[in-house]
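The values are calculated or read from the model by the stated rules, or taken from the named source; none is laboratory data. Here the structure is a predicted model, which means the values were calculated and not measured. Glycine also receives a Cβ, built like all others from the backbone with ideal geometry; neighbour counts cover every protein chain displayed. Side chains included, ligands, DNA and RNA excluded: accessible areas come from the protein's heavy atoms. Shrake-Rupley method; radii C 1.70, N 1.55, O 1.52, S 1.80 Å.
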Amino acid sequence: YLRQAWQMVHDIPMVCAFSYDWDRIDNFQSRPDDIVIATYPKSGTTWVSEIVDMILNDGDPVKCKRDAIFNKVPMLEFAVPGKMPAGTEQLARMPSPRVVKTHLPVHLLPTSFWDHGCKVIYVARNAKDVAVSFYHFDLMNKLHPHPGPWEKYIETYMAGRVAFGSWYDHVKSWWEKRKGHPILYLFYEDLKEDPKREIEKVMHFLGKDLTQQALDSIVHHTSFEVMKENPNTNYRMTPVTVMDHNVSPFMRKGIAGDWKNHFTVAQNERFDEDYERKMADTTLRFRTEI
Ligand code: A3P
């Protein structure tokens, strides 16, 4: 039932030009050393993908630069038939250890990942900055429908009628799942506040032990400024028919608290009131600025 409800929202072309091949996703065969990066969109997926890739390459940016991060870390559910190989196909061809990216809600992750006890890194970002980032992304991403005016978009977002559904359900259900599973739950705001501390957390979680020099190299290489100029991480190689960076760059601002430049006082009050209700049943807490 949950899947049907989710698909009803996502399979209508108005919402997203992706089409999901559920048989392939459901039957996806994980490997025990797969590393999963799970996020709600616009929460720092690309950032943490690059961090993980750097950690696996011992902090060596030369090894990391061999390919675009979105090729090295395919999105499990991604499929635009006839245009690109599906994420599941790309992954099937990759050597281990694979890093798998997904925006799927927790209940739709293929069970094989749980059966093998694969490590999962979940990255969450506060709801307001995600809304702003998503809005700009929907403006520039031609696979998503035009978001319309901001004042309308914010209502659509609160109702969960955007690609990958409700932010509230996503962050809460992944938070619950970490009980009993190897899930490292990270926050975008923490990464901004102290990247080295958070990168060390990821390093320990992956069972690696890097030198201070390697860690410093990762901090530098994965900073917003460096990633924005790196063609392997800034998505500028993506055809303009998919992403139009003249409308809004993928690497847009990379800060915490940009929502203040978009929300009116009235929108903020309405958002907060709705947020309280939707988040009343969780211990999960976010910072909307640092
Ligand atoms: P903004 O639109 O707020 O700038 P995702 O990779 O999940 O789609 O997330 C994209 C968001 O993460 C964008 O947010 C992008 O700028 C930000 N981002 C990407 N790399 C970053 C980095 N190294 N440091 C800070 N923010 C980063």
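The alpha carbon gyration tensor of region 48-188 gives principal lengths a ≥ b ≥ c with a/c of 1.5 or higher and a/b greater than b/c, which makes the shape prolate. When the chain is described by a simple charge dipole with +1 on each Lys and Arg Cβ and -1 on each Asp and Glu Cβ, the residue from M94, A159, F134 located farthest towards its positive end is M94.
Computed in the context of the full set of protein chains, the accessible area of region 53-187 at 1.4 Å probe radius has 56% of its extent on carbon or sulfur. Beta-bridge orientation, the chain: approximately 5 percent antiparallel, per DSSP, counting only bridges with both partners inside.
For G59, the shell of other residues with beta-carbons less than 10 Å away shows a net charge of -1, using +1 for Lys and Arg and -1 for Asp and Glu. What separates the Cα centres of region 58-120 and region 179-245 is a distance of 16 Å. Considering only P81, V265, I51, the residue lying farthest towards the positive end of the dipole of the chain is P81, judged by Cα position with unit charges set on Cβ. Look at the Cα gyration tensor of the chain: its axes a ≥ b ≥ c give a/c under 1.5, and that counts as rounded. For region 147-290, the square roots of the Cα gyration tensor eigenvalues, ordered a ≥ b ≥ c, give a/c of at least 1.5 with a/b no greater than b/c, which places it in the oblate category. Estimated from the Cβ-Cβ distance and a Förster radius of 51 angstrom, the FRET efficiency linking K179 and D244 is about 0.75. Note that the chain presents 45 Å² accessible area per residue, ligands and nucleic acids not counted, probe 1.4 Å. Adding -39500 (n - 2.57) for every DSSP H run of four residues or longer, then dividing by how many residues the chain holds, sets the calculated 222 nm ellipticity at -12000 deg cm²/dmol.
For region 208-290, carbon and sulfur atoms together expose 54% of the accessible surface, with a 1.4 angstrom probe and every protein chain in place.
Using the Cβ-Cβ distance between K278 and M237 with R0 set to 35 Å, the FRET efficiency works out to roughly 0.40.
For the peptides 165-175, 179-189, the ranking by packing is 165-175, 179-189, with the highest mean count of neighbouring Cβ atoms within 10 Å listed first.
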